[in-house]
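Since every read-out is calculated from the coordinates, none of them should be taken as a lab result. Small disclaimer: the values here were computed from a predicted structure and weren't measured. Every residue, glycine as well, gets a Cβ built from its backbone with ideal geometry; the counts of neighbours run over all protein chains shown.
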Amino acid sequence: MSDIHLTTESVKLSLSSSTLQYTIATPTHIWRQPDSFCPHFIMKDGSTMPFLSADEITHTPYKSGVGEGILSHYKWFETGFSFETLAWVEFATHAVHFELIPGEGSVPFKKIIYPGHFSFEKKADTAYTVMPVLQGILIPNTWENEVGKLPFDGQFCSSGAYMPWFGQIEDGSGYIAICETPWDAGYYACHPAGGPYTHVGAYFLPSLGEFSYRRSLRYVFLENCDYNDLCKVYRSYAIETGLLTTLKEKVARNPLVDELIGSVIVHKGIKKHVSPDSRYFDKENPENNDLVVPFHARTVEIQRYHSKGVPKLYLHLDGWGAPGYDNQHPDYLPACPEAGGWEGFKELSDAIADCGYLFGLHDQYRDYYMDAATYDKEFALHAPDGSVFEMSVWAGGRQNYLCATQAPYYVKRNFEEVLRHGIRLEASYLDVFTCNEPDECAHPRHRMTRKECLEYRSACFNYLWSKGILPSSEECGDWAMRSLVFCHYGPYDFMLESPGSPRRGVPVPLFNLVYHDCMILPWFMDKTDTEDYMLYALLNAGSPYLDRDGAYPNTDGSFDSEAEKRLDEEISRCRVVTDLQEKVAKCEMLRHEFLGGGYTRQRTTFSDGTSVTIDLATGEYEIV
């Protein structure tokens, strides 16, 4: 069978029938897949099933009223399994779409690797890859460190990919690959230490064990571009699909959003209890496993911030329930009796209101602890093979995962009780929903796909909206952009590692280049031996953490060993950040750039004309 070539106004698409490699030629660049690659299935037993192993393969031209391309059919006679791929060029936009289309039968697969990665072998800084790992990273082909394992294996809709896309640029010619069906998908990346290449491509997962619906990737090719241009292509896609929802729109829905803009963030806890079967249980110092801070002590702290002249503040409160932080979810009630119970809890709530501050609670509706009062294994996530995942990592010890079909009911049950006791809440935090990957459940009475899981998580956020409570979650996954107002953080990935750890790439604000005017992102204000994180808070015009007690030592960016910070100095530093945020929170971040020959001097520019320049080497900044 001969190769197939398709030429349109701006793109030439070719498929090798002998290797199944695609080549895409644009006016300025040829994007070619490597000779070593063939699209394939990764099977449950770890083996691979190349598309070329099919008994019957046909390729035919395809044309519709909106585009033309190459339709390929694959069939295995012994199993009766078949599917199709469709690579086509859209007339209106010149985008190249790659689709996987299910046919008949099934096979026990873990992943489908399609369409695969491009050769990207030029050993130069001008050849680089951008990936939405947390806030975003840029990997020059000459980068000295290997990329390593991606968070959540690069699964979209997790912290491994705040947005479902990746891109590459070589000497100004580039592409962005957007996954239009991200719920059962992710991406892989390979960059060895020192390069000289980076390979990045998409994979697709089964949905409840099946290849049951069409999967789609959209590739957009650009000329004379950089990573800013890729971000703006995705921003246009987010507008086109109705995903992009600005802070101005959210203010119209609840004016409290304006009160949150310009607030410092204070993160505190009430009760800590670490179960003996938790990874964090301290056997050598058992007294470290339990701690209770009275609600009244937090009231005094809030009043102290007010006496210091802090004008706007949001308190994020952990461990306020009877069992303590990360214990017995979803059965967290009543308010911690040892800390003062409902009466002490209400005193704190009233004090926050008297100071004109905002109050929010930390709660969790994914971890399902086996010692919870209403625990029932029947409502845990059930894998397609009938197994139920179990672990003992966090403070509460043994747990499964709660099926998200149940989460909205528990959210409603718990918050109705909190509100009934007169606790005034302006915002609240539902943990892990935008950090961890979407779940699926095969239990016949609460069967749920990963896409449906995200819908149930969104239903929890929407319940908070209905009560006038601003929703937040752990990180800033864009699948929740319509619902979320803010989150715990949206950091660069190196900020969650120990200071001095090797970096997988150059940090770049990909997420904020798309969504800065849509979400309020808190930023760390810590100082390390080599960097002042305040500069990143300024560069991204976010909210500053005035005080942040990490729930677990040396986890989630909590590496500050100082017992007491100089509060006046921290308030002064935070005021610089909040003043900037008040000015540009609702402005699009138009551009990010590196100044000079390295990565230490950076500048962001916002749609109102404001620019922020930082120098990580000297600690200097300029706001114009």
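Here are a few things to note about the model shown:
- Residues whose placed amide H lies under 5 Å from that of residue 43, excluding near-sequence neighbours: 48, 49, 110
- Value of [θ]222 nm, deg cm²/dmol, for the chain, DSSP H segments ≥ 4, -39500 (n - 2.57) each, nearest 500: -5500 deg cm²/dmol
- Global geometry of the stretch 208-324, whether rounded, prolate or oblate, following the gyration tensor of its Cα atoms and the 1.5 cut on a/c: oblate
- Model label zone, residue 125; criterion: amide N under 15 Å from point 7 Å along Cα-to-beta-carbon; scope the stretch 583-599: 593-599
- Rounded to the nearest 10 degrees, the angle from helix 407-420 to the longest Cα principal axis of the chain is 20 degrees.
- Integer Hz, Karplus 6.51/-1.76/1.60 couplings in order for the stretch 125-137, x for Gly and Pro: 5, 6, 10, 8, 10, 10, 9, x, 5, 6, 5, x, 9
- Å³ per residue enclosed by the Cα convex hull of the stretch 438-488: 74 Å³
- Within a straight-line Cα-Cα reach of under 30 Å, residue 12 can be paired with the following lysines, leaving aside sequence neighbours fewer than 8 residues apart in one chain: 63, 75, 111, 122, 123, 232.
- Alpha-carbon centroid distance for the pair the stretch 142-159 / the stretch 190-247, whole angstrom: 14 Å
- Anisotropy class of the stretch 147-264 from Cα gyration tensor, a/c 1.5 cut: prolate
- Tensor-based shape of the stretch 37-129 (alpha-carbon gyration tensor, a/c under 1.5 rounded, otherwise prolate or oblate): oblate
- Reported to the nearest whole Å, the Cα centre-to-centre distance from the stretch 406-446 to the stretch 17-65 is 43.
- Qualifying aspartates and glutamates (Cα of each under 20 Å from Cα of residue 283; at least 8 residues distant if same chain): 326
- Axis angle, to the nearest 10 degrees, between helix 227-240 and the longest C-alpha principal axis of the chain: 80 degrees.
- Alpha carbon convex hull of the stretch 385-431, projected area averaged over orientations, nm²: 4.8 nm²
- Count Lys and Arg as plus one, Asp and Glu as minus one, and take only other residues whose Cβ is under 13 Å from that of residue 74; the net charge is then -3.
- Legend: residue pairs 271/312; 250/583; 110/451; 250/272, Cα-Cα distance threshold 29 Å; pairs beyond threshold, 250/272.
- Nearest 10 degrees, 0 to 90: helix 295-307 Cα axis against the chain principal axis: 90 degrees
- Per-bin percent of Cα-Cα distances, the stretch 94-155 [5 Å]: 4, 10, 16, 20, 18, 15, 9, 5, 3, 0
- Environment charge of residue 64, counting only residues whose C-beta is closer than 14 Å and scoring Lys/Arg +1, Asp/Glu -1: -2
- The Kirkwood hydrodynamic radius of the chain, based on inverse pair distances between different Cα atoms, is 25.8 Å.
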